[in-house]
1. Can you list residue pairs whose Cβ atoms sit under 9 Å apart, with the first residue in segment 3-29 being more than 29 Å from residue 41 (Cβ to Cβ) and free of Cβ contacts under 8 Å to residues at least 12 places away in the same chain and the second being acidic (Asp, Glu) and open to solvent by less than 100 Å² (accessible area, probe 1.4 Å)? Count only pairs 6 or more apart in sequence or on different chains.
2. Can you name the residue in the chain that is of a type in the set (Val, Ile, Thr) and surrounded by 10 or more Cβ atoms within 10 Å (Cβ to Cβ) and, of all such residues, is farthest from the chain's Cα centre (by Cα)?
Amino acid sequence: MKYRIEQKDAFRVVGVSNRVTPKDSGEHPGVEQVWKSTDNET
C-alpha cells in the first residue's frame, strides 16, 4: 500500500452514533434503528 502524509487545514467530522452490543450474524436492531432515524437532510 502506498501512502503519504499531508498537512491539512482543520475540518469538522460529524456523524450519528448509537452504542450497540455485538451480535454474531444477521442485521443488528441497533444499527437498523440508526438508519431509520436518518433521512436525506441528516
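The values are calculated or read from the model by the stated rules, or taken from the named source; none is laboratory data. Computed from a prediction, not measured in an experiment: that's the story for all the values here. Glycine also receives a Cβ, built like all others from the backbone with ideal geometry; neighbour counts cover every protein chain displayed. Only protein heavy atoms, including side chains, enter the accessible area calculation; ligands, DNA and RNA are left aside. Shrake-Rupley method; radii C 1.70, N 1.55, O 1.52, S 1.80 Å.
1. The qualifying pairs do not exist here.
2. To start, the set of residues in the chain that are of a type in the set (Val, Ile, Thr) comprises 5, 13-14, 16, 20-21, 31, 34, 38, 42.
Remaining after also requiring surrounded by 10 or more Cβ atoms within 10 Å (Cβ to Cβ): 20, 31, 34.
Details: 20: 13, 31: 10, 34: 10 Å.
Out of the qualifying residues, it is 20.
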